[in-house]
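Here the structure comes first, spelled out in structure tokens, and everything after it is commentary.
The values are calculated or read from the model by the stated rules, or taken from the named source; none is laboratory data. Just so it is clear, the structure is predicted and the values come from calculations on it, not from any experiment. Cβ placement follows ideal geometry from the backbone for every residue including glycine, while neighbour counts extend to all protein chains displayed. The accessibility values were calculated without ligands, DNA or RNA, using every heavy atom of the protein model including side chains. Shrake-Rupley method; radii C 1.70, N 1.55, O 1.52, S 1.80 Å.
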Amino acid sequence: MNQQLLQKRLGHQFSNPALLQQALTHRSHSVLHNERLEFLGDSVLNCVVASLLFDSFANIDEGDLSRVRANLVKQQSLYEIAQRIELSQFLRLGEGELKSGGFRRPSILADTLEALFGAIFLDAGFDAAKEVIRSLYAPVLASVDPTTLGKDAKTLLQEFLQSKKIALPQYNVVATHGAAHNQEFEIECLVPKLEIQVFGTGGSRRAGEQAAAKLALETALAMLVRSPAAKKAKPRASQLKLAGIATVQGDAVAETKPPSAKQKSLLDTETPKADKPKGTSSITGTTGTTSTTSTAAADELLTHDIHPETHPKTA
């Protein structure tokens, strides 16, 4: 494959082509391979990404910056960039690696990309390497969310529920499938307050929990989106309904005006009716019983600051 095309995609023309050749060479191909360049490129990459994050996110603290950087320089992120520039076309692999599909292996592609960064650093210095890395990472940095990037699904679900003052989810192993050396775990995730029950599978219990947590978070967010906007305008009414208190609301009883003379006459001539049984409320209690579970759960998300036990009990 013509290496000029790769140099064009990288945005760097090598003055020493031997460095480019070595950076593309896997250890299965020859003795002069790219592992030392990979070591150097890894350090250059970490420094450049740290600098880019420092400049891009002025209000993010050191802990979050470190988490985001770790996510951006991990194997999967490098593999996606390598795929974008079609790096697999230029790899120099041994016969065995070629037959086994080594040109598609994420680890090989990620390591080769780091080796290229190291080769560019040796060929033209740090500024040239920084410019290449900045260009390749520009689409990633444009869409990155530093508050969530690098956090797993369980962490995101926990933070979401805590922000709504809802109890943490429960994870249970429902079943295991397959042989002992190749098991698949089916995990249940429960959020009782929101009536959410979802299932996830994975090659380990942790992986299954992550898959289930991801589904639970997506479900909770979808419920929040579907909730009627009108309920946000009447939080007090929703609170009292959820707390089970039969209290007359201001919007349930219209403002009364003194009756006119004609109305008084009609009232005076009306036949008296039987008294109501004692204890009959002016508001029926059907609202809570007829509402669907999805509506009740949506109300819970909108009124996450409810603490029913703090309301006075009715007589």
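Can you sort GLU184, GLU62 by 1.4 Å-probe accessible area, starting with the largest? If you can, show how the numbers build up before the last one.
Working: GLU184 85, GLU62 135 Å².
So the residues, ranked largest to smallest area, are GLU62, GLU184.
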Inset, instruction - At 0.36 nm per residue, minus the direct Cα-Cα distance, what do ALA58 and VAL174 gain on full extension? Give it in nm, one decimal, please. - result: 37.3 nm
Legend entry - Paramagnetic reach from GLU184 (point 7 Å along Cα→Cβ, amide N under 16 Å) across region 198-226: 199-212
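Fully extended, how many nm does the chain gain between LYS99 and LYS74 (0.36 nm per residue separation, minus their Cα-Cα distance)? Let's see the in-between values first.
Values: separation 25, 0.36 × 25 = 9.00 nm, distance 2.63 nm.
Once the chain is fully extended between LYS99 and LYS74, it gains 6.4 nm.
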Legend entry - Phi to ³J(HN,Hα) by Karplus 6.51 cos²θ - 1.76 cosθ + 1.60 over region 89-100, Hz, x for Gly, Pro: 5, 10, 5, 10, 10, x, 4, x, 5, 5, 5, 8
Legend entry - Net lengthening on full extension, LYS8/VAL225 (0.36 nm per residue, minus Cα-Cα): 73.6 nm
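Take the cross-link list LYS74/LYS214; LYS154/LYS193; LYS74/LYS165 and give me the ones stretching past 26 Å between alpha-carbons.
Numbers: LYS74/LYS214 21 Å; LYS154/LYS193 17 Å; LYS74/LYS165 34 Å.
Beyond 26 Å between Cα atoms: LYS74/LYS165.
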Inset, instruction - Round to the nearest 10 and report in Å² the accessible area of PHE199, as given by a 1.4 Å probe over the protein chains' heavy atoms. - result: 90
Inset, instruction - Report relative contact order for region 149-198 in percent, whole number only (criteria: Cα-Cα under 8 Å, sequence separation at least 6). - result: 26
Legend entry - Accessible area in the full protein assembly, largest first, 1.4 Å probe, for VAL140, VAL225, VAL48, VAL174: VAL225, VAL174, VAL140, VAL48
